[in-house]
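Okay, so here's the structure we're looking at.
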Amino acid sequence: MNPLESQLAYPFGDLLPAPGNLHEVAPGVRWLRMPLPFALDHINLWLLDDQAEGRDGFALVDCGVATDPTRSAWEALFTGPMAGLPLLRVLATHCHPDHVGLSGWLCERFAAPFWATAGEFAFARMMAAGLPGVDGPSAVPHFQRHGLADPEMLEKMKSRHNYYPSLVPSVPASYTRLQDGQLVRIGQHDWRVITGFGHSPEHAALYCDALRLLVSGDMVLPRISTNVSVFAVEPEGNPLQLYLDSLGKFAGLPEDTLVLPSHGRPFRGLHTRIAQLRAHHEARLAEVLVACNEPRSAVDIVPIMFRRQLDAHQLSFALGEALAHLHKLWKDGKLRRLTGPDGVIRFALS
């Protein structure tokens, strides 16, 4: 446990449900974990007791990626802890592969409706279709403009054209829209939708006041800071500002709220964690600002923010995050943006 984690409270200690098992965290709310084929090796999913048209079953929040180990874990749940009860609906916090990967498979299997915000549904459909602008190769000219010149790394990024569709082979063709402030009745409880921005187009967290529970998705994680990136599809974006503004939407939640994150362990200490995340980004912004005493590209900033070896997958997120910090400082008027004769965009002190 790192020093920041130790400031939080973990009511379930070191407990981690094995794939194919459930653990009840509150009445009618069950925690399960699915494996991921990344350095971040798991995702937390949430099964909520639900009813629909006189049938008992579950609402599922997030799905896991479309891999054989995840499907096998789901099969074990269907025949074991779920006791044959169906999924009555599938809700997605956002469009990233670990959250919607098996949405098509699960919704088709149970004839269950898919619930998401409009922004997340649209982006999931676009990326699953591999449309230009949101596919892997579109990142190459974007990152080249920001200083990436390593031929081997560029070739690896070009080859990622099937990355998202391989993990998300299908997204349901229709959906039920989630909107900010909406109350969604799931089983015996109302859950309020809290949308957030910066990490994804229109992320939906869910808060139940009766249970003092927040399904935070990727907006608030206990151990790591969620990725906030400038991507090729929105090259002028200011996602870090959007993310920091979105954290303010959780300010009114009770101090004793139990946070159910997508990665890491359930915890209490929401406001402490939000303060930590704000301090983290302030420190990174200060580092980046000092570094820009001479013109710097996003590639120049990566080793300042990420002091470890990165593969192509990790580098794409690191570049996006470096650019997010540069863009906030630029939009705040602290940096100016310059395009050199080599076509590379660099940032320098205003």
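The values are calculated or read from the model by the stated rules, or taken from the named source; none is laboratory data. Keep in mind that what you see is a predicted model, and the values were worked out from it rather than measured. Don't worry about glycine lacking a Cβ; one is built from the backbone with ideal geometry, like all the others, and counts go over all protein chains shown. In case anyone asks, the SASA skips ligands and DNA or RNA and just uses the protein heavy atoms, side chains included. Shrake-Rupley method; radii C 1.70, N 1.55, O 1.52, S 1.80 Å.
For segment 130-152, the criterion of being in contact with a Ser or Thr (Cβ under 8 Å, 6 or more places away or on another chain) and charged (D, E, K, R) is met by none of the residues. Annotation: residue 300 fulfils all but one of (1) over 28 Å from residue 64 (Cα atoms); (2) modelled with pLDDT under 95; (3) crowded, with 18+ Cβ neighbours inside 10 Å; the unmet one is (2).
Would a scan of segment 21-32 turn up a residue that is under 21 Å from the mean Cα position of the chain (by Cα), at pLDDT 95 or above, within 17 Å of residue 222 (Cβ to Cβ) and of a type outside the set (Ser, Thr, Tyr)? Yes - at least one qualifying residue is present in segment 21-32. Taking strands (runs of 3 or more DSSP E) as the structural unit, those lying wholly within segment 175-262 and holding at least 2 residues that are open to solvent by 50 Å² or more (accessible area, probe 1.4 Å) and at pLDDT 95 or above correspond to 183-186, 189-196.
Residues in segment 139-151: is at least one under 21 Å from the mean Cα position of the chain (by Cα), in contact (Cβ under 8 Å) with a residue 60 or more places away in the chain and more than 30 Å from residue 59 (Cα to Cα)? Looking through segment 139-151, at least one residue is under 21 Å from the mean Cα position of the chain (by Cα), in contact (Cβ under 8 Å) with a residue 60 or more places away in the chain and more than 30 Å from residue 59 (Cα to Cα). For segment 37-57, a tally of residues being touching a Gly at 6+ places or on another chain (Cβ under 8 Å) and over 16 Å from residue 258 (Cα atoms) returns 4. Residues that are open to solvent by less than 70 Å² (accessible area, probe 1.4 Å), touching a residue at least 40 places away in the same chain (Cβ under 8 Å) and not in a loop (DSSP other than H, G, I, E, B) within segment 5-29 comprise 5, 9, 25, 26, 29, listed in sequence order. When each of 335, 349 is tested for being crowded, with 19+ Cβ neighbours inside 10 Å and of a type in the set (A, V, I, L, M, F, W, C), the lone residue that passes is 335.
Restricting to segment 156-174, count the residues that are outside any helix (DSSP H, G or I) and buried (at least 17 other Cβ atoms within 10 Å of the Cβ). Residues in segment 156-174 being outside any helix (DSSP H, G or I) and buried (at least 17 other Cβ atoms within 10 Å of the Cβ): 4 in total. If I filter segment 96-132 down to residues being in contact with a helix residue (DSSP H, G or I) (Cβ under 8 Å, 6 or more places away or on another chain), surrounded by fewer than 18 Cβ atoms within 10 Å (Cβ to Cβ) and among the small types (Gly, Ala, Ser), which single residue comes out as farthest from residue 53 (Cα to Cα)? By that ranking, first place goes to 130.
Of the residues that sit in segment 278-297 and are assigned to a loop (DSSP other than H, G, I, E, B) and of a type outside the set (A, V, I, L, M, F, W, C), which one is surrounded by the most Cβ atoms within 10 Å (Cβ to Cβ)? That would be 297.
Rundown of residues vs (1) touching a Lys or Arg at 6+ places or on another chain (Cβ under 6 Å); (2) over 22 Å from residue 159 (Cα atoms); (3) modelled with pLDDT of 95 or more, yes/no style:
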{"site": "105", "(1), (2), (3)": "no, yes, yes"}
{"site": "108", "(1), (2), (3)": "no, yes, yes"}
{"site": "116", "(1), (2), (3)": "no, yes, yes"}
{"site": "130", "(1), (2), (3)": "no, no, no"}
{"site": "140", "(1), (2), (3)": "yes, no, no"}
